[in-house]
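The values are calculated or read from the model by the stated rules, or taken from the named source; none is laboratory data. This one's a predicted model, so the numbers in the text were calculated from it and none came from an experiment. When we count neighbours, we look across all protein chains shown, and the Cβ atoms used for this are built from the backbone with ideal geometry, even at glycine.
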Number of protein chains: 2
Amino acid sequence: MSVLVVGSVALDSVETPFGKADDVLGGSATFFSASASHLTKVSVVGVIGSDYPVAKLDPLKKRGVDFSGLERAEGTSFRWRGRYRHDLNSAETLETHLGVFSHFSPKIPDKLRSSPYLFLANIDPRLQLDVLQQVKKPKLVACDTMNFWIQSRRADVLALLEHVDLVTLNDSEARQLTEKVNLVQAAQWIMARGPRHVIIKKGEHGAFMFTEKSIFFAPAFPLESVFDPTGAGDAFAGGFIGYLAATGDLSEANMRRAVIYGSVMGSFAVEKFSIERLMTVTRAEIDQRMRDMRRLVAFEEELPA
Amino acid sequence: MSVLVVGSVALDSVETPFGKADDVLGGSATFFSASASHLTKVSVVGVIGSDYPVAKLDPLKKRGVDFSGLERAEGTSFRWRGRYRHDLNSAETLETHLGVFSHFSPKIPDKLRSSPYLFLANIDPRLQLDVLQQVKKPKLVACDTMNFWIQSRRADVLALLEHVDLVTLNDSEARQLTEKVNLVQAAQWIMARGPRHVIIKKGEHGAFMFTEKSIFFAPAFPLESVFDPTGAGDAFAGGFIGYLAATGDLSEANMRRAVIYGSVMGSFAVEKFSIERLMTVTRAEIDQRMRDMRRLVAFEEELPA
C-alpha cells in the first residue's frame with residue numbers, strides 16, 4: 001500500500017565537524033520519502049519556490065517518489081541553515097527562511113485523498129488538521145511536531161492529537177508538550193488524548209514505542225562515525241511507516257519490526273549529508289543492518305548468526 | 001563461584017526532587033554487594049571509620065555478604081553528600097569527605113586471595129593495581145573508575161587497563177579517557193590497551209558491551225518513576241558480575257544475559273533511597289523483570305509471553 005506525506009521540501013545548509021554543505025536537499029517530506037521509497041510507494045504534498053532546483057529531485061523520482069502533489073509557487077523556497085557542534089546531538093539553527101512555505105495551504109490531489117497511510121510531517125498543526133479534512137479515513141494517520149508549534153500553537157497540537165493514530169516526537173518535545181519529565185508518564189499523557197501509539201525518539205539513544213499495554217525499545221544503530229544528523233527523525237518515520245504500508249499489517253509484532261526499520265533508515269541517513277546515503281543504500285544493506293540490529297539486542301535465546 | 005569487591009563503604013546524604021535521606025548506606029562496594037548478593041556469594045574489602053553505624057550492615061550480612069575484609073580504622077567514615085535536580089541524570093556533589101578512606105590501603109585476607117571473580121570498584125587506580133598484586137589470577141577481573149582519577153591519575157588508569165579483563169565506565173568517562181566523542185571508537189581505543197570487554201553505561205539510556213567482534217546493547221528498564229539514581233552503576237556491576245560468578249560461564253551469550261541482569265538490578269536500585277529496594281527485591285521480581293526486559297526489545301521472532 002502507498003503512503004502520503006505532507007511536509008516541507010527545503011534547501012538545507014549544514015555545518016558539522018566533518019564539513020559543510022550548501023543548499024542541499026532537505027525538509028521533512030524529502031527525508032521521509034527518500035527513506036520510505038525503499039519500502040513502498042510514496043507521494044509528496046508540499047510546496048517549493050520558483051527558485052527550487054527541481055532537477056535535484058530526479059534521484060527521488062527515479063526511486064518512484066510521486067511529486068504530482070508538490071506545488072510550485074512564486075517566491076523563494078524554504079531554507080534552513082544549521083550547525084552541529086562536536087556532540088552532534090542538537091542542531092543549532094542559524095537561519096530559517098520560510099519563503100513560500102509561510103503561505104502554504106496543502107491541497108491534496110483527488111487521487112491521493114484515499115491514501116491508506118498518511119504521515120503529517122512537522123508543519124503548522126492547523127495545516128495538519130486541514131489535511132485531515134481532505135482525506136478519506138486512512139488506515140493509519142501519524143503525525144510529527146516540534147517545539148516551536150508546541151509553544152506557539154498548543155491548542156491546535158492538542159486538537160490534532162484527538163485525530164491521529166500515532167504520534168512521533170523527540171524526548172524534549174514530549175517533555176515540553178506534557179510537562180512530564182518521565183517519558184513513560186509523558187507517553188501515557190499523550191495516549192490519554194487520543195493516539196493509540198506514541199513513539200518517542202531519543203536520537204543516538206534510540207526510540208520507544210508506547211501502546212496502552214506495552215513498551216518497545218529500539219536502540220539507535222551504533223555507528224563508528226556520524227556525519228550529519230539532519231533528517232534522521234524523518235528518515236526514521238519513513239522507514240517505520242514505509243514498512244507498515246508495505247506489509248499492511250498493524251499487529252504489534254509488525255509495528256515492532258517497523259520501528260527497527262525506522263531505526264535502520266535513520267542510521268543510514270546520518271552517514272552522509274542530506275539524502276545522499278539514502279539514495280545509494282541498497283536493499284541488501286538494509287536487510288543486513290536489520291540483522292545487525294537484531295544481533296545488537298539479542299539475548300537469552302541462541303545468538304542469531 | 002564467589003565475587004570479591006574492593007571499594008568504598010560510605011554514608012550518603014542525598015537530596016532528590018522526591019525527598020531527602022541523611023547518612024544512609026552508600027559507597028560502591030555497598031551497592032555492588034547488595035546487588036550481587038541476590039545471585040552469588042560476595043565478599044567486601046574496604047574501610048570504615050570508628051563512627052560507622054555497623055548495625056546498618058546487618059541486612060547485607062543476612063543476605064550472606066562477607067565483611068571479614070572490611071577494616072575498621074580510627075577516624076571518620078567516607079561521606080558523600082549530593083543532590084539531583086529534576087532530570088535525575090547527573091548528581092551534583094555538594095560535599096565529599098574521604099575520612100579514613102584517604103589512608104586506605106586494601107589488604108586482601110588470605111582466604112579471599114583466590115577469589116575467582118574480582119571487581120575493583122571506583123577507587124584510586126594505584127590501590128586497584130595494588131590489589132592485583134595480592135590476588136591469585138582470578139577468572140575475571142573487572143574495574144570501574146571515574147572522572148577524578150582519569151584526570152588526576154591518568155598514567156595509573158592506563159596501567160590498570162593492561163591488567164583487567166573488563167572495564168565498566170560511563171559515557172562521559174569513556175569520552176574523557178579516550179578523547180573520542182564516538183563511543184564505538186572510544187571502546188576500540190580502550191580494548192586496544194588490554195581489556196577484552198568494555199561496558200559503557202549511559203544511565204537512563206542503557207549500556208553497551210563491546211568486544212572485539214561484537215556490540216551488545218541493553219536498554220535501561222523504563223520506570224514510571226525514578227526515585228534516586230545513586231548507586232545504579234554499582235548495582236549494575238553487581239548484577240552483571242554476580243550473574244557471571246553464579247554461572248561460571250564467560251561465553252558471549254552468557255555475558256549478554258549478565259548485562260541484562262546488570263540493567264535489571266540497576267533499575268531496582270533507583271526505585272528507593274540507598275540500598276533499600278535492593279534489600280527487599282525478591283528473586284521472583286528479578287526474574288519477572290528479566291522477562292520484561294526481553295519483551296522490551298523483542299522483535300522479528302514471535303513475541304514472548
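Would you confirm whether any residue within region A:19-33 is assigned to a strand (DSSP E or B), closer than 21 Å to A:Gly248 by Cβ and either in contact with a Phe, Trp or Tyr (Cβ under 9 Å, 6 or more places away or on another chain) or without any contact (Cβ under 8 Å) to a residue 40 or more places away in the chain (or both)? Before the answer, list the steps.
Of all residues in region A:19-33, those assigned to a strand (DSSP E or B) come to A:19-26.
This time we only want the ones that are closer than 21 Å to A:Gly248 by Cβ, so: none.
No, every residue in region A:19-33 fails to be assigned to a strand (DSSP E or B), closer than 21 Å to A:Gly248 by Cβ and either in contact with a Phe, Trp or Tyr (Cβ under 9 Å, 6 or more places away or on another chain) or without any contact (Cβ under 8 Å) to a residue 40 or more places away in the chain (or both).
Is it the case that region A:69-77 has a residue that's farther than 27 Å from A:Leu39 by Cα, surrounded by 20 or more Cβ atoms within 10 Å (Cβ to Cβ) and modelled with pLDDT of 95 or more?
Looking through region A:69-77, at least one residue is farther than 27 Å from A:Leu39 by Cα, surrounded by 20 or more Cβ atoms within 10 Å (Cβ to Cβ) and modelled with pLDDT of 95 or more.
Within the group B:Asp87, B:Asp66, B:Asp58, which residue is modelled with pLDDT of 95 or more, of a type in the set (Asp, Glu) and under 24 Å from B:Asp228 (Cβ atoms)?
The match here is B:Asp58.
Only one of (1) in a helix (DSSP H, G or I); (2) closer than 18 Å to A:Pro219 by Cα; (3) away from every other protein chain (no Cβ under 12 Å); (4) not hydrophobic (A, V, I, L, M, F, W, C) is not met by A:Glu271, so which one is it?
Result: A:Glu271 fails condition (1) only.
Identify, please: which residue in region B:251-288 is of a type in the set (S, T, N, Q) and more than 18 Å from B:Ala207 (Cα to Cα) and is, among those, surrounded by the most Cβ atoms within 10 Å (Cβ to Cβ)? So that I can check it myself, show each step before the final result.
In the first step, residues of region B:251-288 are kept if they are of a type in the set (S, T, N, Q); the result is B:251, B:254, B:263, B:267, B:274, B:280, B:282, B:288.
Filter again for more than 18 Å from B:Ala207 (Cα to Cα), leaving B:251, B:274, B:280, B:282, B:288.
On the way: B:Ser251: 10, B:Ser274: 23, B:Thr280: 12, B:Thr282: 9, B:Gln288: 12.
If we take residues in region B:251-288 being of a type in the set (S, T, N, Q) and more than 18 Å from B:Ala207 (Cα to Cα), then B:Ser274 is surrounded by the most Cβ atoms within 10 Å (Cβ to Cβ).
Condition check ((1) among the small types (Gly, Ala, Ser); (2) on the phi < 0 side of the Ramachandran plot) across all residues:
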site	(1), (2)
A:Glu173	no, yes
A:Glu179	no, no
A:Ala186	yes, yes
A:Met191	no, yes
A:His197	no, yes
A:Ile200	no, yes
A:His205	no, yes
A:Met209	no, yes
A:Phe217	no, yes
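Please verify whether A:Val100 is free of Cβ contacts under 8 Å to residues at least 60 places away in the same chain, outside any strand (DSSP E or B) and buried (at least 20 other Cβ atoms within 10 Å of the Cβ), treating the condition exactly as stated.
When the stated conditions are applied, A:Val100 passes them.
Any residue that is more than 14 Å from chain B (Cβ to nearest Cβ), surrounded by 20 or more Cβ atoms within 10 Å (Cβ to Cβ), over 24 Å from A:Leu177 (Cα atoms) and among the small types (Gly, Ala, Ser) - is there at least one of those in region A:104-114?
no
Please determine, by comparing only the residues of region A:274-288 that are of a type in the set (A, V, I, L, M) and in a helix (DSSP H, G or I), which one is farthest from the other protein chains (Cβ to nearest Cβ).
A:Met279
I'm told A:Pro219 meets every condition in (1) in contact with an Asp or Glu (Cβ under 7 Å, 6 or more places away or on another chain); (2) at pLDDT 95 or above; (3) surrounded by 17 or more Cβ atoms within 10 Å (Cβ to Cβ) except one. Can you identify the failing condition by its number?
All conditions are met except number (1).
Scanning for something closer than 23 Å to B:Ala187 by Cβ, more than 15 Å from the chain's Cα centre (by Cα) and within 10 Å of chain B (Cβ to nearest Cβ), does region A:251-261 turn up at least one residue? I'd like the intermediate steps shown before the answer.
Looking only at region A:251-261, we keep the residues that are closer than 23 Å to B:Ala187 by Cβ, and these are A:260.
When the remaining residues are screened for being more than 15 Å from the chain's Cα centre (by Cα), the result is none.
Checked against the condition, which is being closer than 23 Å to B:Ala187 by Cβ, more than 15 Å from the chain's Cα centre (by Cα) and within 10 Å of chain B (Cβ to nearest Cβ), region A:251-261 yields no hits at all.
Checking B:Gly248 against (1) away from chain A (no Cβ under 14 Å); (2) at negative phi: exactly one of these is not met. Which one?
(2)
Just to be sure, is B:Asp156 away from chain A (no Cβ under 14 Å) and touching a residue at least 60 places away in the same chain (Cβ under 8 Å)? Lay out the reasoning, then the answer.
Numbers: away from chain A (no Cβ under 14 Å): yes; touching a residue at least 60 places away in the same chain (Cβ under 8 Å): no.
Judged against the criteria, B:Asp156 is not a match.
Filter region B:245-267 down to residues that are aliphatic (A, V, I, L, M) and in contact (Cβ under 8 Å) with a residue 24 or more places away in the chain and give me whichever is farthest from B:Pro229 (Cα to Cα).
The residue in question is B:Leu250.
Going through B:Val226, B:Val264 one at a time, which residue ends up being at the interface with chain A (Cβ under 9 Å from one of its Cβ atoms) and of a type in the set (Val, Ile, Thr)?
Result: B:Val226 is the single residue among B:Val226, B:Val264 that is at the interface with chain A (Cβ under 9 Å from one of its Cβ atoms) and of a type in the set (Val, Ile, Thr).
For A:Arg291, are the conditions met, namely being of a type outside the set (Phe, Trp, Tyr), surrounded by fewer than 16 Cβ atoms within 10 Å (Cβ to Cβ) and facing chain B (nearest Cβ under 10 Å)?
yes
Tally time: how many residues in region A:240-260 are under 18 Å from B:Val297 (Cα atoms) and small (Gly, Ala, Ser)?
Qualifying residue count, region A:240-260: 3.
Among the numbered criteria (1) hydrophobic (A, V, I, L, M, F, W, C); (2) closer than 23 Å to B:Trp80 by Cβ; (3) touching a strand residue (DSSP E or B) at 6+ places or on another chain (Cβ under 9 Å), which one does B:Ala187 miss?
(2)
Here are A:Gly262, A:Gly242, A:Gly266: which of them is in a helix (DSSP H, G or I) and closer than 27 Å to A:Lys20 by Cβ? Don't jump to the end; show me each part of the working.
Numbers: A:Gly262 fails: closer than 27 Å to A:Lys20 by Cβ; A:Gly242 fails: closer than 27 Å to A:Lys20 by Cβ.
Residue meeting the stated conditions: A:Gly266.
Any chance region A:213-220 includes a residue that's among the charged types (D, E, K, R), under 19 Å from A:Ser28 (Cα atoms) and over 14 Å from the mean Cα position of the chain (by Cα)?
Within region A:213-220, none of the residues are among the charged types (D, E, K, R), under 19 Å from A:Ser28 (Cα atoms) and over 14 Å from the mean Cα position of the chain (by Cα).
Residues being of a type in the set (A, V, I, L, M, F, W, C), surrounded by fewer than 21 Cβ atoms within 10 Å (Cβ to Cβ) and more than 14 Å from chain A (Cβ to nearest Cβ): count how many of those fall in region B:165-189.
0
Just give me the residues in region A:245-259 being farther than 15 Å from A:Thr168 by Cα and assigned to a helix (DSSP H, G or I), in sequence order.
Listed by number, the residues that qualify are A:Ala245, A:Ala246, A:Thr247, A:Glu252, A:Ala253, A:Asn254, A:Arg257.
Quick one: which of A:Thr280, A:Thr230 is β-branched (Val, Ile, Thr), without any contact (Cβ under 8 Å) to a residue 40 or more places away in the chain and under 30 Å from A:Gly82 (Cα atoms)?
A:Thr280
Restricting attention to region B:190-222, report how many residues are facing chain A (nearest Cβ under 7 Å) and among the aliphatic types (A, V, I, L, M).
1
Is at least one residue of region A:47-57 buried (at least 19 other Cβ atoms within 10 Å of the Cβ), in contact (Cβ under 8 Å) with a residue 12 or more places away in the chain and within 14 Å of chain B (Cβ to nearest Cβ)?
Taking every residue of region A:47-57 in turn, none turns out to be buried (at least 19 other Cβ atoms within 10 Å of the Cβ), in contact (Cβ under 8 Å) with a residue 12 or more places away in the chain and within 14 Å of chain B (Cβ to nearest Cβ).
Output the number of the condition that B:Ala36 fails; it satisfies all remaining conditions of (1) modelled with pLDDT of 95 or more; (2) small (Gly, Ala, Ser); (3) over 28 Å from B:Val141 (Cα atoms).
Going through the list (1) modelled with pLDDT of 95 or more; (2) small (Gly, Ala, Ser); (3) over 28 Å from B:Val141 (Cα atoms), B:Ala36 breaks only (3).
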